1. For Ala563, list long-range residues whose amide hydrogen, built 1.01 Å from N in the peptide plane, is under 5 Å from its own amide hydrogen.
2. Kindly write out, for segment 453-470 in residue order, the coupling ³J(HN,Hα) from the Karplus curve 6.51 cos²θ - 1.76 cosθ + 1.60 (θ = phi - 60°), rounded to whole Hz, with x marking Gly and Pro.
3. Checking the a/c ratio against 1.5 first, then a/b against b/c, what shape does the Cα gyration tensor give for the chain?
4. 5 Å is the cut-off here: which amide hydrogens, built 1.01 Å from N in the peptide plane, fall below it relative to Gly353, excluding neighbours closer than 5 in sequence?
5. Quick check: from the Cα gyration tensor, does segment 409-605 come out rounded (a/c under 1.5), prolate or oblate?
6. As a footprinting exposure proxy, order Ile431, Ile494 by other Cβ within 10 Å, with the fewest listed first.
7. Just the number, please: Stokes-Einstein D of segment 526-588 in µm²/s, Kirkwood Rh from C-alpha pairs, 10 °C, 1.306 mPa s.
8. Can you report the principal axis dimensions of segment 464-564 using only the alpha carbons, biggest first, rounded to whole angstrom?
Amino acid sequence: MVLDGRLCYGGDYNPEQWPAEVWKQDVELMRQARVTLVTVGVFAWSRLEPAPGRYTFDWLDQVLDLLHAGGIRVALATPTASPPPWFSLAHPDALPVTADGVRLHHGSRDTYCAAAPAYRAAARRITGLLAERYADHPALALWHVHNEYGTTCHCHHAEAGFRRWLRDRYRDLDALNDAWTTSFWSQHHSDWAQVSTPRATQYLPNPGQVLDFRRYWSDELLAAYVEQRNLLRAATPGVPVTTNYVLGDWVPVDHARWAAEVDLVAIDHYPSDAGPAAEEQIALAADLARGWARHGARHHARATDGDLPGARGSWLLMESAPNLIYTPGRMHTREPGRMARHSLAYVARGSRGAMFFQWRAPRGGAELFHSALVPHAGPDSRIFREAVELGGMLDRLAEVDAGVVEAPVAIAWDAASGWALQQRALPSDRIHHHTEVAVAHRALRRAGYACDPVLPGDPLTGYALLVLPALYLADDDTAAWVRDHVHGGGHVVIGYLSGVADEHARIRLGGYPGAYRDVLGVRVEEFHLLADGEEVPLTGGGTGRFWAETVRVAGAEPVDAYAAGVLAGQPAVTRHRYGDGVAWYVSTRPDEGTYQRLLDEAARAAGASPTCPDAPPGVEAVRRRSPEASWLFLLNHTASAQRVPTAGIDLLTGAVVEDAVTLPAGGVAVVRERAGA
């Protein structure tokens, strides 16, 4: 999304927290920093409707007029993530209830139940009024619905909604009982009234029930979003509508499937590691957002009989912290220059700009030390000076928005598999789908490959290699998706705990991985869990961690084997020709170097090449390409200067690059590549 020929740059602006005289100062500072877009009104419901039916929009009128006069566009939010105190007092049944049966009280954010009729009606009412009042305001560029959908509830409204959802999904109790295997532990349901949300219980909950509740709640939250979106679209059909995704294993939202309902995938991303893992987390989050956007665009193209090839999708970094990294237990101050490098890393991987939470740091409130572009020290600060510098950089990069990220590798991502692997009583509580995706993504990134996350069923045309890390659930369509891809000449790497269960989290019998045994030419009889810190040596010189298996080959050839213990001499990694393609199986988590070499070998065998083979270790290379040009992003994550062969024009400096660019420590270059170079 380019605003008046510029990338999106700015962040959440909370003028309701400040006196009016500060607003003019803010606009002047935004102009100085080359801000193009700010999000307004996210948590302003109590200031917009201080009492039931009494509205005070005058201050918002003034703010939008000031921003427009300053040349700054607005993502206008609906404030429904934080209902005002009067609403909670009037509608206590709309307060959320935990799985333990505890009703939470007002006093923080997100104190609402999305299934409560009173909440949904109030949300539609305030949304409709905002749409009516600001539909023609010249500052309006984007609608920002709600904030970080994710609050879960187990109240009677949620329970009734869950039953309706289950009736639609299964039609009758026989199908439900079969899907949930309710004959186990005498859980057979004979009446719909017996079905509840997965409340706190004596011991282990029913895994099918828990999984379906996660699916239902994602759909319930989506329905709440769609209600608001439809009101906004009706009032302003030409203005895009989105909501900002919050990331994390706890989030009960299937972001990929939501992508078909937003005009722009928007993510909030806050790395949780102060070391090199921060850059790895940024790369994965950016790739996930791009993958979700592509999935949504394909779904929309199918629904509207549009063009499927080239369905690109759009995504935007809607929130990040300018100068802090929130590690567990402490806030780490980003080193000088790291904010710009991190911001450009998102843009390299397809973001249509860089947005932050927040513009100005607050004087009080629950997040009074949250990072901001204008910190408590004010504009005379390193943070704001770097914000001004970043605004200049983004101004010079607007042309890259035309480019699509080149990714020869696809990596499968599935929210439901992630939820299913969070169940208790699994063989290990250390194996998670998101973690396994992150480990595979890190190995591919270090080997120099860009990759697109895909959902089961997505088209795989153009990808040399497909990777399935712990894709635990597989219905028959997913199994056929992999089988047809490989039989038709595709290459796949499948990791342990993939295809073990069906869509209801019931084990596929006959040996693991049930859905893919024929494609892989293997049959796994049993698993062997490794203790914390324990490793099993491999004959190729590496080690395996966390998980190992008794693998019986049934047509596959061993590539690496276990070298010690009860599995000594048995296959650890196999390769199998199936039809015109090749399927690899990895029955353990190799050490990082071994995994990187393995995926590099599989990618090269499939015909893929690293983005920039001559980039030194620690330099991240990402290419965006359009029909007319290509742009090579080079990000130096090391503490020393690095030289990278390339030719073209560095957009950040304007310098002509003849044969190589030298990146200073922590530096970035964005080279419009010379044709044919």
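What follows is calculated from the coordinates using simple rules that are stated; it is not laboratory data. Quantities reported herein were computed from a predicted structural model and do not represent experimental measurements. For neighbour counting, all protein chains shown are included, and Cβ atoms are generated from backbone atoms with ideal geometry for every residue, glycine included.
1. The list, which skips near neighbours in sequence, is Leu538, Thr539, Gly569.
2. x, 10, 9, x, x, 5, x, 10, 4, x, 9, 6, 9, 10, 10, 10, x, 6
3. Details: a/c = 1.90, a/b = 1.16, b/c = 1.64.
Because a/c hits 1.5 or more and a/b fails to exceed b/c, the chain counts as oblate.
4. Cys8, Leu317
5. Working: a/c = 1.27, a/b = 1.13, b/c = 1.13.
Rounded.
6. Values: Ile431 18, Ile494 28.
So the residues, fewest neighbours to most, are Ile431, Ile494.
7. Values: Rh = 12.0 Å.
For the chosen part, D equals 133 µm²/s.
8. Principal axes ranked by extent give 37, 30, 23 Å for the Cα atoms.
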